[in-house]
Structure formats: C-alpha cells, structure tokens
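The values are calculated or read from the model by the stated rules, or taken from the named source; none is laboratory data. Treat the numbers as computed from the prediction; the structure is a model and nothing was measured. Heads up, the Cβs are rebuilt from the backbone with ideal geometry, glycines too, and the neighbour counts pull from every protein chain shown.
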Amino acid sequence: MSILIDGLKELQIKYTDDQIDLINEYIDEVMLFNPKYGLVNATGDTFVIKHILDSLAGVNPIKEIDPKSIADVGSGGGFPGIPLAVFFPLIERSGKRCNFLRNAVLTLGLKNVHIRESAVEQIKEKFDLVTFRAFTPMEVPITTCLLGLLNKTGLIFAYKGREGTIAEELKVIAGLVETSKLIATKVPFLPDERNFLILQ
C-alpha cells in the first residue's frame, strides 16, 4: 500500500479511487515540471509526506468550518490548494507559478479552481476561508492582506509549525485579529511539529 493511502487512513480522510488517481496525477505533474519551475526540494515519499500529506492534513479541520469559498494565497507549486481542491467543491487561488498551476488544473480537469495572477491587494473577491502555507512569519503586512480577502465571517487558516513560534507571531499581529485558535495536527510520517492557526 502506498504511503499516500497509508497517510490518508492515518488522517482519517475518506477518499475515492478517483481522488487517489487525481492526487497521483498531480504528483506526476509536479515532478515533471519541477526542474523548470523549482516547485519543491523533495522527491518520492519525502515529497508526498512534506507537501501532499501536509496539505491534506487540513481536510477534516476545514470540513468542520464548512466554507463555501476558499482562497489559497501564495500557492507556489499549488500547496495546499490543489490537493485540497480534490476534496472540496470550491477553491480559488492566487499563485506565483501560474503557468504550472494552469497546466496542472487543466491536466487534472479541476473545474473548481481559478488561477489569479495578481498581488493579493488586487483581488476583489471575498472568501469564507483563506489558506496560507508559506513558512514565513505572520507579520502585519501579510496578515493585513489576508484579512482583506475575507468576508464578514471569514477565517484565515494558516499551516504553521511550532507552537512556541506561533505564540511569538501572535504578539506581533495581536492588534489585527479578534480571535485566534490553534489546532495541533500530526502529519503522517513527519516528525516536525505542525499546527493550524485559525484567525478572525
């Protein structure tokens, strides 16, 4: 059994054969275009763990929020947006490597993904949920931009690392957010500490 399926079972994510096929097709696309676009620095099982399973670890927590629209900001190689799009009906995206993302969306036949090649500040749509998986600190400029994408009840769903580091980041942006919630998660086969930071 593949590490992808083992990981999905550990995450208690229900899946279909079609969804597995789409994820595997996406993995092939990333590996095909990686030399040209520099999408990731991992291959094989390490890539699946650090990028695919890490992205999909958010599936069940996001299902509990039940957003009708999602924006994935700064997607890069499409993480977490494209893996999430396989499991959710509505995904919007603003990404840097747009040529790759457009090709991947076309190849996978994802009708629920729209690429936005523009700065966050130029996006006029408002969303129920904004995902953010960059491994950079939550600082005032980026947090302000992300909050600007939310509708009145919208949430930021940030993929983050150590709890201690997050606590320091929250001090910096304390004046910008009304509430914050931390959800500890365990990415299968990944020893690193991972948390989801939810901001409103």
- request: Filter region 138-175 down to residues that are farther than 21 Å from residue 55 by Cβ and among the charged types (D, E, K, R), then give me how many there are.
  value: 4
- request: Any chance you could count how many residues in region 9-18 are in contact with a helix residue (DSSP H, G or I) (Cβ under 9 Å, 6 or more places away or on another chain) and in a helix (DSSP H, G or I)?
  value: 1
statement: Checked pairs for region 59-82, first at negative phi and part of a strand (DSSP E or B), second crowded, with 20+ Cβ neighbours inside 10 Å and among the polar types (S, T, N, Q), C-beta under 8 Å and 6 or more apart or across chains, list as 70/131; 71/94; 71/131; 72/94; 72/131; 73/94; 73/131
- prompt: Among all residue pairs at least 6 apart or on different chains, which show Cβ distances below 7 Å where the first residue, located in region 21-47, is at pLDDT 90 or above and the second is in a helix (DSSP H, G or I) and basic (Lys, Arg)?
  reply: 42/50
query: In region 138-170, which residues are within 15 Å of residue 198 (Cβ to Cβ), of a type outside the set (S, T, N, Q) and assigned to a strand (DSSP E or B)?
result: 150, 154, 155, 156, 157, 158, 159, 160
- prompt: Could you say which residue among 100, 135 is hydrophobic (A, V, I, L, M, F, W, C), at pLDDT below 95, assigned to a loop (DSSP other than H, G, I, E, B) and within 22 Å of residue 55 (Cβ to Cβ)?
  reply: 135
query: With respect to residue 4, is the statement that it is of a type in the set (A, V, I, L, M), closer than 20 Å to residue 197 by Cα and either in a loop (DSSP other than H, G, I, E, B) or in contact with a helix residue (DSSP H, G or I) (Cβ under 9 Å, 6 or more places away or on another chain) (or both) true?
result: no
query: Restricting the search to region 118-132, which residues are assigned to a loop (DSSP other than H, G, I, E, B) and either in contact with an Asp or Glu (Cβ under 8 Å, 6 or more places away or on another chain) or surrounded by fewer than 12 Cβ atoms within 10 Å (Cβ to Cβ) (or both)?
result: 118, 119, 124, 125
